[in-house]
Structure formats: C-alpha cells, structure tokens
Amino acid sequence: MHEFKYHGARLMGESVSLQTVAEEFGTPLYVYSKRSILDHCRHIERAFDGHPHLSRYAVKANANRELLRLIGEEGFGADVGSVGELRVALAAGMHPAKITFSGVGKRDDEMTTALRSSIHAFNVESTEEIEVLNDLAGREGKRARILLRVNLDIDAGGHAYVSTSLKQNKFGVPSHQAGEVLTWASALPNIEVRGIHSHLGSQITQSSTFVAAAEALIELIRTISREGIPIHDLDFGGGFGVQYKGYVTHPELPPEEPEEMNLSAASLIRTVVPLLRETNCRLSIQPGRSVVAHAGVLLVRVLFRKQTGDRLFIVVDGGMNDLLRPSLYNAYHQIVPLELKGHPLEVVDVVGPLCESGDFLALDRTVPRVERGDYLAVLCTGAYGYTLASNYNARPRPAEVLIDGTMRTMIRRRETVEELFEG
C-alpha cells in the first residue's frame, strides 16, 4: 500500500522516478498511484469479513473523474455533497443506486437533479429540508428515500473545524429527537424513510470513538424500532484517520515518530462491524481520506532560499492555493526531497509564493538542505488537496498525473492564466 518510497536516493512512485515526472509535467503537480488506490479499496472491503454492506466513497476527498472510475470499478458507490460531485460521480460510471447525497445546505435544483437521477437516498439534516424535499419529490412524481442524520454529541478529537457531531455543530438533528422526526417524516406522501446516518468528523484515530458511536447508534435504533419505525439502512459515515507522520523513511531523513501506529481504516472498521451487526441493518460507510490520502503527493520546486533573522525560508512554487490544509487546519504533511544528496539537515519554514503570511506548507520543519531548482514532495496529499485548491492571486490550479507501474498519464491538465479570465 506504500507506493511512494526511496529506491537508493531517488523518491519513486510505483516504478517511476518522481524527479522525472516533475521535469516532464512541471510543478506544482499532484501525482497519484493507481496501485495504492486499488489496495486501499480492497483492504477496506476485506475488513467487513463478508458482512453485507456498501462502501460509498466520499467524493469531497478527491473528485478527479479518473480516480472515481477506478474506485467505482472496485464496487464502491459514492457519497456526494453537491450537484457537481453528483455529476462527476455519474460521469465516472458510478451507479445512481449506490449514491447518497449529504450536506446541510442542499439547494432545490440540486435535490431535483438528484431525484431525476434516482439516487439511493438523501442524508437529510433538518425538518425543513425534509418538507422541501417532499414538495420537490411530489412535483417530480417520485418518492424521496431519506436517511436522517443524527448528532450523537460525541467528541471525535482533532481540530475543531473537522468535528461534525457535537451539539454545537451545524450537522444533523439531536439523537433524542430522531424518533419524533422520523415518525413525522414517514407520514409525508412523497418521503420514504430508510434509516439513519451518522458522521462524527474527520481524521479520527481512536477506535474507542467509533465504538462509542456504534453503541449509541445501536441503542438509538432499538428505541426507534420500539416506536414502530423500521430502520433498514444504517450509514455509519466515515472519518477513518490515516498516518501522516513518518510515512516515508530513509537514513538521510530526520526520524518522524508516527502518532498513529498500526492505524488503518480496515482496523477501525473491524472494531465496529461486530457491534453493528446487532442492528440487522444494511450497513454503509463513507471512506474518503482513507482511500486516497496515501495515494497522492504534491510536487513543488524550490524557487529561493531566504534568511530573515533567525528564520530560514524555503520558498517553493506551490502554496496554500494548491494545498490549503496546513494553513487551514495546521495540518501536518511530511516533506522530503525527490533526490537525496547527502546534505545536512536544517530547520526551515517551507512557504509558498502567495501574498499571505499564512501561506505555508510547513513551519519549523527539519529537512535535508535543498537549493534553488531542487524538487520537494509533500506527502499524503491525495485527500483534500486538489479539491480545496483555489485561484487565489490569479494562479492556475495544478495538473494531476496518475502513475500505473512505469506509465504516467495526465488525468487533469494544468489550468492556464487565460482560462481564468474567460467568460
């Protein structure tokens, strides 16, 4: 599953030198490993040990159509959060019966498009949303299938911005109101209640958090069932964390102690599936990061070395417009040279070219010395990399390349400056 590693002094993606890829396609550049994506999909599926389920890939993590095609061919469905994500999932060949639509703010036109596409269900978040959906479904001559998102008020840990199941968060309805809401919704003429949905947050690394959620959902389903509402589907959400520190090792690199030893989505899934079997529901999950994070790297080129007082800045050609996570969440991504040259280690800030002090990829980071023209890889950027990219400072978004063995294929071309001003 680790398809980015050093062979001698060169960082490789599968069987291709990333230095060669950077020189061929330019930088900034996102590069993905096909083998890594397929391996992660298959590890997740094996973790269910034959229990009936459906894995719906969270398209928000990475919406490249070619990657969605690969994931869909592994039997995954999709969870989408916009009409754009719905359309790209369908264009990638994902079956509408395997698609759910999530999000606290679905527009009328988005829900109408999803109804016309005959998706499996809407993960609904409020009574007013259900009322609107009922009306829209009636106009289309359809019944809208729904799963009610419940807020379990469980602290998933990590950054506050990626927590989604605390009572102060905007998502879902309080779990103690779920039975009342579903009883009311089941009486609406154009609504079909299928079950419930829960999602705690993102980058969750403690199995105990998922166990607490599973136990709460089991009790909730018992209570709702006693009230006469059958629960057919349980969407357990996603948020399965991945290892970011120490992903690549080499004697010339500084040691990084992973905070999440032996962590994988498969191990977290194996923890909760035996519990969730008690519900007798069709189980679904929404893995996103755990499928694609390790499968991608962002390649950047060193523009300048700049010493200011006691700070040494490595200025590169990729910044927060290409990878927002470090600036937005203070997220950690390992950064390594594409070629190791026996240089000493130094403490630097790796910063981008934008007109913002918050434009950085790493602060106070120990890396081997690099010079102007050298290339760096920002690791584990397959998730929430390109999907969060912007055109700030009128900079074109980067290209994306897929590696398959020794082959490399551009799967999204680099934007041009001219395209930014069209229309």
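Remark: the chain carries a charge dipole of roughly 580 debye about the Cα centre, counting +1 on each Lys and Arg Cβ and -1 on each Asp and Glu Cβ.
DSSP beta bridges confined to the chain are antiparallel in about 50 percent of cases.
Cβ crowding within 10 Å ranks Ser36, Ser208, Ser126, Ser225 as Ser208, Ser225, Ser126, Ser36, fewest other Cβ atoms first.
For the chain, the fraction of C-alpha pairs more than 39 angstrom apart is 23%. Straightening the chain between Glu66 and Lys5 buys 19.6 nm, computed as 0.36 nm per residue apart minus the Cα-Cα spacing.
Amide H to amide H distances under 5 Å link Gly288 with Ala58, Gly239, Phe240, where only residues 5 or more positions off or on other chains count and H is placed in the peptide plane. Dimensions of region 295-420 along the principal axes, based on C-alpha atoms and rounded to the nearest Å, stand at 40, 35, 26, largest first. Based on alpha-carbon centroids, what's the gap between region 276-323 and region 68-111 in Å, whole number please? Using only Cα atoms to place each centre, the spacing works out to 23 Å.
Cβ crowding within 10 Å ranks Val16, Val347, Val378, Val21 as Val347, Val16, Val21, Val378, fewest other Cβ atoms first. Each of Asp364, Asp374 was scored by other Cβ atoms within 10 Å of its Cβ. Listed from fewest to most, they are Asp364, Asp374. Dipole orientation for region 34-289: of the candidates Ser264, Gly81, Met111, Met111 has the Cα lying most toward the positive pole (charges on Cβ; Lys, Arg +1; Asp, Glu -1).
Calculated mean residue ellipticity, 222 nm, the chain: -8000 deg cm²/dmol, from DSSP H runs (n ≥ 4) at -39500 (n - 2.57) each, averaged per residue and rounded to 500. Measuring nothing but how far apart in sequence close Cα pairs (under 8 Å, 6+ apart) lie, relative to its length, the chain scores a relative contact order of 20 percent. Given +1 at the Cβ of Lys and Arg, -1 at the Cβ of Asp and Glu and no other charges, the dipole of region 200-311 around its Cα centre is 400 debye to the nearest 20. Positive end of the dipole of the chain, charges at C-beta (+1 Lys, Arg; -1 Asp, Glu), about the Cα centre: which of Leu379, Thr308, Ser17 has its Cα farthest in that direction? Farthest towards the positive end: Ser17. Considering only Phe210, Asn330, Leu363, and ranking their Cα positions along the charge dipole of the chain that arises from unit charges at the beta-carbon of Lys, Arg, Asp and Glu, the one farthest toward the positive end is Phe210.
We did not get these values from a lab; they are worked out from the coordinates using the rules stated. Just so we're clear, the structure is a prediction, and the values are computed from it rather than from any experiment. Note: ideal-geometry Cβ built from the backbone for every residue, glycine included; neighbour counts use all protein chains shown.
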